[in-house]
Every structure is written in C-alpha cells, then in structure tokens.
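For reference, the structure is listed below as structure tokens.
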Amino acid sequence: MNFQQLIQMIPLVEQIESYNISQTIDCPADRHLLIIVRRGHIKVQAHDHEPAVCTQAFACHPDYGPYTIQSPRTKEVEYAVITYRMLPEHHLWTLHGPLTTISEYKIHYMVDELIRTTHDISMHSAQEEAAHQFRMRMMFERILFIYLYESRITHEKKSSFESIEETLSYINEHYMVELTLPMLARRAGMSVGHYTVLFKKHTGTTMTSYLHTLRVEKAKLLLSQKNLLAKEIAQRVGYVDYFHFSKVFKKITGCSPTVYQQQQTSKN
C-alpha cells in the first residue's frame with residue numbers, strides 16, 4: 001500500500017478547503033488530492049470510472065481526473081479537499097481510490113489543525129512560517145500513514161474472510177475425502193494457528209467439529225433415503241472407521257446410525 005513509495009518522498013500540503021456541495025474538481029498533472037469526508041457520505045467518480053460511495057476518504061491521482069463529487073440532497077455532508085504534491089517530483093506516487101480508517105477522530109482533529117494552521121501561516125515571520133509548514137508536513141504524513149496502514153489492515157481482514165469462505169466451500173464440496181487442518185490452512189495461505197483462530201471466529205466452531213457436523217448431516221440424508229447399510233454410508237461421507245463414525249454420529253444426534261435408520265424407516 002505505497003509505503004515503499006512514501007518512505008522515499010515528502011508530501012507538501014498546498015491547500016485545504018472544506019465543502020458541502022457537489023462539484024467537479026481538476027487534479028493537475030503535478031498535484032494530488034485527498035478527499036476526507038467529515039460528515040455524511042459522498043459519491044466520487046473519476047473520469048471513465050464507476051462512481052464510488054465514500055464515507056471516509058478518497059485519494060485522487062492526476063492520471064484519472066477530473067473528479068466529480070456528488071453530495072446527497074437530503075442529507076448534510078461536509079468534506080475536506082487537501083491539495084498536495086510529492087517531492088521529489090520524478091518519484092512514483094500511485095495512491096488512488098477509497099481509503100479506510102478506524103481512527104476517524106484522530107484524522108478529523110488533524111484536519112482541523114491543518115485548516116487552522118493554513119489560515120494562520122501568513123500571519124507570522126518567515127521563521128515561524130517555516131515552522132508551521134513543517135508542522136503541516138508532519139501532520140499530513142501522519143494522516144497518510146494512518147490511511148495507508150489501516151486500509152491495508154482492512155484489506156487483509158477482507159482477504160482472510162474470503163480465504164475462510166473459500167475453504168468452507170471446499171469442505172462442503174469435498175467432505176467425503178480426507179481433510180486435515182494443515183491442508184486447509186495451506187489452502188487459505190495461513191499458518192495452522194492463524195487459520196484455527198479465524199475459522200472459529202467465522203463459524204463459531206472448530207474445523208473438526210464443523211466437518212463432523214456436516215458429515216453427520218449428509219449421513220442422515222442417506223440413512224433416510226437410501227437402502228444402504230450404515231457401514232456403507234459411513235464410507236460415503238468420509239469415515240473409513242465405522243466405529244468412529246458411529247461414535248461421532250451418536251454424540252451429535254443422541255442415537256447410533258442404525259437406530260436412526262430404523263426410526264426413519266418406521267416413519268416411512
């Protein structure tokens with residue numbers, strides 16, 4: 001998320017203004033914009049791109065401008081637009097698109113400080129003005145750091161969620177074959193420990209319990225609908241050892257597979 005770029009560059013704030021209206025803003029070739037939503041939400045649309053609903057922040061890159069900002073007519077909205085440039089100018093700075101944070105109060109405080117400092121900066125001596133500009137640079141670097149770092153965390157959480165979802169789909173489709181925790185963790189691209197924690201957080205149970213419950217549910221369907229021996233059904237749902245299957249089945253349902261089958265037969 002651009003940390004390799006940011007460590008080699010210096011951001012300089014040139015202008016910061018607050019708005020509550022819809023507008024189209026240009027992004028000159030050597031300038032970047034950071035839109036920070038302070039109240040409500042807006043829609044931001046780059047040239048030839050689909051509009052994006054923005055509730056926190058949006059980074060505008062000159063390659064994709066101009067940008068159309070739409071504020072809802074029925075709700076109050078306030079957003080700040082920070083115009084900045086990156087030095088050295090020949091270095092690559094690719095930040096673009098929605099940004100997220102869990103530190104909104106901290107961001108909004110620093111935006112207030114940037115606005116106040118910008119308005120006060122011309123009222124001081126050259127030495128004080130330089131000090132104020134340096135303070136603005138540090139605050140803006142902090143803002144960029146927070147957005148880059150916390151947007152990355154959000155992205156990683158989303159990626160982890162999607163990885164768990166993918167392995168759940170895999171379990172649901174391949175419950176009848178041997179499935180192990182290390183195998184599924186590798187499939188999700190995680191350590192066994194990390195996968196175990198996220199799996200339980202996502203499903204409310206362990207991978208082993210999830211798999212046993214799924215297999216028992218599949219076995220119950222077969223015991224109700226198929227004229228098969230319980231031992232055959234055990235193998236069909238992934239249990240090589242019938243006695244292990246019977247133990248798991250009884251623990252989950254309260255009765256053995258043969259008793260369950262007899263109960264279903266008597267109902268029919």
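Worth a mention:
- Considered as a group, the residues in segment 63-117 that are more than 27 Å from the chain's Cα centre (by Cα) and of a type in the set (Lys, Arg) include one that is farthest from Ala46 (Cα to Cα), and that residue is Arg116.
- Picking from residues in segment 196-240 that are of a type in the set (Ser, Thr, Tyr), touching a residue at least 24 places away in the same chain (Cβ under 8 Å) and over 23 Å from Gln261 (Cβ atoms), the one that is surrounded by the most Cβ atoms within 10 Å (Cβ to Cβ) is Tyr210.
- The set of residues from segment 88-117 being charged (D, E, K, R) and surrounded by 16 or more Cβ atoms within 10 Å (Cβ to Cβ) comprises just one member, Glu104.
- Residue match in segment 203-218 (condition: within 30 Å of Leu99 (Cα to Cα), outside any loop (DSSP other than H, G, I, E, B) and modelled with pLDDT under 90): no
- Listed here are the strands (runs of 3 or more DSSP E) enclosed by segment 1-85 that have at least 3 residues being farther than 24 Å from Thr154 by Cα: 10-19, 23-25, 67-70.
- Residue pairs meeting the criteria (Cβ under 7 Å; at least 6 apart or on separate chains; first surrounded by 15 or more Cβ atoms within 10 Å (Cβ to Cβ), in segment 2-14; second acidic (Asp, Glu)): Pro11/Glu141
- Hits in segment 219-241 (condition: part of a loop (DSSP other than H, G, I, E, B) and basic (Lys, Arg)): Lys226
The values are calculated or read from the model by the stated rules, or taken from the named source; none is laboratory data. These figures come from a predicted structure and were not determined experimentally. Counting neighbours? That spans all protein chains shown, and the Cβs are built from the backbone with ideal geometry, glycine included.
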